[in-house]
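Chemist: Following this message is one structure expressed as structure tokens.
The values are calculated or read from the model by the stated rules, or taken from the named source; none is laboratory data. This is a predicted model, so every value here is computed, not measured. For neighbour counting, all protein chains shown are included, and Cβ atoms are generated from backbone atoms with ideal geometry for every residue, glycine included.
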Amino acid sequence: MITIKKLKKPMFVIIVCSATMTLFMNCQGSIDGFSSGSDSNGLTTIQSKIENQNYTIQSSDQLVRSMASVTGVDYASTIINEYNARKALMTNDYSLESVTAPMLVSIANLGSQFCNELIRKEVALTTANRIFFNQIDFTKAVSTVTDAQFNQTLDILGQNFWGRNLTAEEKSILNQGKLEFINAIPTGSSTSAAQTQYLILSTCTGMLAALEFITL
Amino acid sequence: MKTVTLKVLLNVSFLSVTLSLMLSLALPSSASAVDADREAKRLLERISGTKVPASHPLLPRIKSNINANKWYEAAGVATEHPDFLNVTVKQMALKMSTREETIQTAFNDFAATFIGVVRDDRDARTLLTGNFQYIADVNKVPTGIMVRSEYNDHIVKSNTHFSDLENLNIPLNEVLKPIDGQLILQSRTNTVVYNPDPAGLLTSRAFISSHAVAGTNRRPVEFTFRQFMCSPIDDWADTTVSDSRIGRDIDRYPGGDHTKFQVSCKGCHTVMDGFRGAFSKWNFSNDFISNRDVQLNTNGTIVGGVEGKLNANTGVFPNGYVTTDNSFVNNARGPANEAKFGWRGNLDPGYGVKDFGQQIANSSRFSECMVKRVFDSACRKDISFEDKSSFLKYYARRFEDTGYSLKRLYQMVAVTEECVK
């Protein structure tokens with residue numbers, strides 16, 4: 001089982017806090033312990049990209065339909081329940097300035113329901129008949145997922161979710177995420193095939209909750 | 001496969017939020033060269049308001065049109081996407097339907113009729129003049145989903161019918177059907193009767209319940225201008241026109257200063273009070289909208305007359321205008337406003353909301369406002385009359401040339417450089 005405690009590694013905390021504040025709360029001020037170095041390592045770059053490209057955030061209605069569209073998953077009751085529970089936290093004016101941390105968590109939660117259904121649907125198919133996860137053997141431990149298989153899966157997800165292949169930088173981030181994920185697995189669970197599902201679930205969800213997907 | 005527990009999903013969500021934020025940092029710059037695949041996808045997403053997979057069946061036709069430099073036709077294909085109506089048009093309508101002006105508004109009769117008008121390619125002026133409304137054809141609702149459809153209880157006396165349609169599994173683009181003749185409640189007999197003054201969305205339950213509840217019925221005028229002329233109240237203040245229609249409830253000596261009335265209050269009230277007689281028979285209370293010309297006295301005669309709130313607070317300025325019928329005067333054609341609104345057709349006399357809606361719908365400003373609304377909706381960015389007046393006027397004329405087709409307006413606007421860049 002993955003614990004939140006293990007995920008709270010310094011780099012992740014810095015990225016979450018500084019990226020959230022810089023990108024979405026227009027908070028340019030110094031935050032003790034987090035301000036140093038963060039602005040000079042790409043955060044201002046992404047902010048300028050956002051400003052230049054005129055992004056708007058999708059509403060709850062748009063997101064749920066977008067997720068259904070790209071995953072090909074029907075509106076299961078679990079998805080509808082999650083949507084109904086979270087939609088009030090989503091944007092009501094499309095503005096990126098309206099984005100809040102609870103909103104991002106809500107989007108990730110909704111995305112995780114779609115990814116969970118998607119994995120369930122694909123696992124039931126033979127490998128050859130799968131669209132998204134034909135590189136993944138869900139009956140084996142997560143350590144058996146090779147970098148090549150993982151990267152090919154990322155490209156499939158990228159094409160379907162984002163309409164393009166991932167850049168080297170994006171792949172690097174997700175491979176780093178995979179590494180962090182595997183390192184966080186408690187001893188005794190590392191050979192569990194369920195961890196393979198969880199890795200794919202978190203990767204899939206991360207891509208559905210990324211700015212590339214949630215904006216128009 | 002094991003069922004993934006909520007706890008696991010929560011943990012996964014935390015990791016996923018982290019991953020998604022890191023991925024956001026690595027967002028690539030937009031491609032500089034025109035890539036038909038990418039442009040086709042962007043166009044479809046712009047018009048549908050949703051992300052689509054690269055394998056979406058509409059994309060090859062859109063791409064083919066783009067390659068042939070037929071952008072308008074490409075956009076036409078994109079409007080075939082169900083979410084053009086289910087998301088893009090719906091959200092535009094919801095935002096216009098109530099005082100809160102938010103897309104989080106519950107689905108309602110205003111939005112249903114708006115979607116229907118776009119889908120069926122009706123003249124957009126009927127949004128303000130039509131004697132019809134759209135409700136769900138329950139035979140087209142997927143099996144197993146309940147949409148309460150009893151006319152009295154679920155359509156006229158509540159929003160239940162429409163809120164039931166918010167179910168994600170109901171394709172609004174397919175289930176909505178037009179009903180000729182707007183129906184409203186005759187409360188004493190508890191039956192529905194034909195609306196004696198039908199004016200499209202202006203006499204929808206959502207609009208009347210938002211703007212003619214309590215108050216003095218000035219708000220329906222204010223919000224008609226706000227939503228369909230894209231003109232908030234401070235835009236059309238004009239102190240140079242007659243104040244003879246201003247009601248008795250407006251102080252001519254606010255704070256003991258008549259000058260303040262003359263240079264400030266009067267400006268908005270000349271226009272607003274001039275028009276508000278149109279809504280004098282309308283009210284919203286006890287969860288239904290009502291018109292005095294169909295309500296009955298205890299002896300069975302028509303109530304008639306005007307709502308008491310039109311002549312409330314008589315002591316503030318007893319010599320003010322007394323509303324006795326639903327006549328109105330267009331005072332928005334003074335020097336400050338005439339060119340802005342571009343009134344066309346016969347403006348006098350006007351009686352009731354339908355006449356009011358006709359004057360609005362026939363103005364050039366209505367067409368320009370629809371361009372702005374469609375631009376905001378499809379391009380998801382604001383366009384102002386100050387900065388893009390020529391753009392709005394140009395596409396307004398083209399909109400009129402199409403017979404006021406909102407669907408074709410979407411096609412035109414969504415592929416403009418102003419929208420794409």
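Chemist: Could you please give the count of residues in region A:119-153 that are surrounded by 12 or more Cβ atoms within 10 Å (Cβ to Cβ) and in a helix (DSSP H, G or I)?
Modeler: 14
Chemist: Next up: Quick check on my filter: what residues within region A:84-136 are farther than 28 Å from B:K90 by Cβ and facing chain B (nearest Cβ under 8 Å)?
Modeler: A:I119, A:R120, A:V123, A:A124 - these are the residues of region A:84-136 that are farther than 28 Å from B:K90 by Cβ and facing chain B (nearest Cβ under 8 Å).
Chemist: Every residue in region B:230-268 that is in a loop (DSSP other than H, G, I, E, B), of a type in the set (D, E) and farther than 23 Å from B:K309 by Cβ, please.
Modeler: Residues of region B:230-268 in a loop (DSSP other than H, G, I, E, B): B:230-232, B:236-246, B:248-253, B:257.
From what's left, of a type in the set (D, E): B:238, B:243, B:249, B:251, B:257.
Across region B:230-268, the qualifying residues are B:D238, B:D257.
Chemist: With the requirement that a residue be more than 19 Å from B:V175 (Cβ to Cβ) and not aliphatic (A, V, I, L, M), what does region B:67-96 give you?
Modeler: Hits for region B:67-96 are B:N67, B:N69, B:K70, B:W71, B:Y72, B:E73, B:G76, B:K95.
Chemist: May I ask you to verify whether B:T301 is exposed (fewer than 13 other Cβ atoms within 10 Å of the Cβ) and under 20 Å from B:Y253 (Cα atoms)?
Modeler: Against the criterion (exposed (fewer than 13 other Cβ atoms within 10 Å of the Cβ) and under 20 Å from B:Y253 (Cα atoms)), B:T301 does not qualify.
Chemist: Now a separate question. Out of everything in region B:338-363 that is basic (K, R) and assigned to a helix (DSSP H, G or I), what residue ends up being nearest to B:R218 (Cα to Cα)?
Modeler: Filtering region B:338-363 for residues that are basic (K, R) and assigned to a helix (DSSP H, G or I), the one nearest to B:R218 (Cα to Cα) comes out as B:K354.
Chemist: Next up: Among the residues in region A:159-168, are any within 8 Å of chain B (Cβ to nearest Cβ), at positive phi, buried (at least 16 other Cβ atoms within 10 Å of the Cβ) and not in a helix (DSSP H, G or I)?
Modeler: Yes, that holds for at least one residue.
Chemist: Still on this structure, I have one more. Could you check region A:169-216 and list, in sequence order, the residues that are part of a helix (DSSP H, G or I), small (G, A, S) and loosely packed, with under 15 Cβ neighbours inside 10 Å? Steps first, please.
Modeler: Filtering region A:169-216 down to residues part of a helix (DSSP H, G or I) leaves A:169-184, A:194-208, A:211-214.
Now restrict to residues that are small (G, A, S): A:172, A:177, A:184, A:194, A:202, A:206.
Scanning region A:169-216 gives a single hit, A:S172.
Chemist: Quick check: anything in region B:161-174 surrounded by 18 or more Cβ atoms within 10 Å (Cβ to Cβ), part of a loop (DSSP other than H, G, I, E, B) and in contact (Cβ under 8 Å) with a residue 60 or more places away in the chain? Spell out the reasoning first.
Modeler: As a first pass, look at region B:161-174 and keep what is surrounded by 18 or more Cβ atoms within 10 Å (Cβ to Cβ): B:161-162, B:164-165, B:170, B:172-173.
Filter once more, keeping what is part of a loop (DSSP other than H, G, I, E, B): B:165, B:170.
Imposing the further condition that a residue be in contact (Cβ under 8 Å) with a residue 60 or more places away in the chain reduces the set to none.
No, every residue in region B:161-174 fails to be surrounded by 18 or more Cβ atoms within 10 Å (Cβ to Cβ), part of a loop (DSSP other than H, G, I, E, B) and in contact (Cβ under 8 Å) with a residue 60 or more places away in the chain.
Chemist: Here's another thing I want to ask about it. Sort through B:S97, B:S55 and tell me the only one that's more than 20 Å from B:D121 (Cβ to Cβ) and in contact (Cβ under 8 Å) with a residue 24 or more places away in the chain.
Modeler: B:S97 is the lone residue from the list that is more than 20 Å from B:D121 (Cβ to Cβ) and in contact (Cβ under 8 Å) with a residue 24 or more places away in the chain.
Chemist: Another one. Any residue at all in region B:291-305 that is part of a helix (DSSP H, G or I) and either out of contact with any Leu (no Cβ under 6 Å at 6 or more places or on another chain) or at positive phi (or both)?
Modeler: Within region B:291-305, not a single residue is part of a helix (DSSP H, G or I) and either out of contact with any Leu (no Cβ under 6 Å at 6 or more places or on another chain) or at positive phi (or both).
Chemist: Looking only at region A:90-106, which residues are out of contact with any strand residue (DSSP E or B) (no Cβ under 9 Å at 6 or more places or on another chain), at pLDDT 90 or above and under 24 Å from B:D382 (Cβ atoms)?
Modeler: Across region A:90-106, the qualifying residue is only A:T100.
Chemist: Can I ask one more? Run down A:Q152, A:Q197 and say which single residue is under 22 Å from A:R120 (Cα atoms), facing chain B (nearest Cβ under 10 Å) and not acidic (D, E).
Modeler: Going through A:Q152, A:Q197 in turn, just one is under 22 Å from A:R120 (Cα atoms), facing chain B (nearest Cβ under 10 Å) and not acidic (D, E): A:Q197.
Chemist: Pairs please, first residue from region B:115-126 and more than 15 Å from B:E400 (Cα to Cα), second anywhere and in a loop (DSSP other than H, G, I, E, B), Cβ atoms under 7 Å, 6+ apart in sequence or on different chains.
Modeler: Qualifying pairs under 7 Å: B:V117/B:A124.
Chemist: Could I ask something else about it? Restricting to helices (runs of 4 or more DSSP H) lying wholly in region B:32-116: which have 1 or more residues that are surrounded by fewer than 24 Cβ atoms within 10 Å (Cβ to Cβ) and aromatic (F, W, Y)?
Modeler: Details: elements: B:36-48, B:59-67, B:71-78, B:90-97.
The qualifying helices (runs of 4 or more DSSP H) are B:71-78.
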